[in-house]
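See below for the structure under consideration.
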Amino acid sequence: MHHYIHSRRRSITFNGRTIVISAALREGTFGNNTRNSFAVSRVKGVSNVEPGVTRPGRLHFDVDGGSGAVLENPAGGGDKIDMTTFCYNAIDRGQVRRLVADIKAVLAAK
């Protein structure tokens with residue numbers, strides 16, 4: 001159960017135990033990335049708001065001890081949101097649904 005999704009200048013990776021959200025930043029000559037990694041055992045809840053006609057989808061994790069600080073300098077096309085949220089486009093809807101199902105299965109088993 002390995003997932004990797006890249007959308008809206010962010011990526012999310014899930015290997016069955018750890019979730020990693022990376023975001024492209026607008027800093028430096030070529031830009032940089034920032035990462036937030038957290039164990040599934042720290043996740044208290046998962047909410048998924050699917051994309052609409054004019055808005056992206058949002059997969060949000062309620063993480064025990066997670067920061068709600070908003071990323072203020074995303075790269076062009078990125079979203080100003082916290083690092084426990086993954087925004088995605090409609091084309092990624094199916095992949096995100098499978099990811100959420102796998103994460104909820106792991107949460108139910110713990």
From the residues in segment 1-36 that are among the polar types (S, T, N, Q) and open to solvent by 60 Å² or more (accessible area, probe 1.4 Å), which one is farthest from V100 (Cα to Cα)?
T29
From the set of residues in segment 49-70 that are touching a helix residue (DSSP H, G or I) at 6+ places or on another chain (Cβ under 8 Å) and at pLDDT 95 or above, which is most open to solvent (accessible area, probe 1.4 Å)?
E50
Out of the residues in segment 71-92 meeting the condition of being surrounded by 14 or more Cβ atoms within 10 Å (Cβ to Cβ) and among the charged types (D, E, K, R), tell me which one is farthest from F61 (Cα to Cα).
D92
Enumeration of residues in segment 73-95 that are touching a Ser or Thr at 6+ places or on another chain (Cβ under 9 Å) and part of a loop (DSSP other than H, G, I, E, B)
D79, M83, T84, N89
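Quick one: which residue in S41, S67, S47 is in contact (Cβ under 8 Å) with a residue 60 or more places away in the chain, hydroxyl-bearing (S, T, Y) and farther than 16 Å from I5 by Cα?
S41
The values are calculated or read from the model by the stated rules, or taken from the named source; none is laboratory data. Computed from a predicted model, the values in this text were never measured in an experiment. Positions of Cβ are backbone-derived with ideal geometry, glycine not excepted, and every protein chain shown enters the neighbour counts. Ligands, DNA and RNA are stripped out before the accessible areas are found, and what is left, the full protein with its side chains, is counted by its heavy atoms. Shrake-Rupley method; radii C 1.70, N 1.55, O 1.52, S 1.80 Å.
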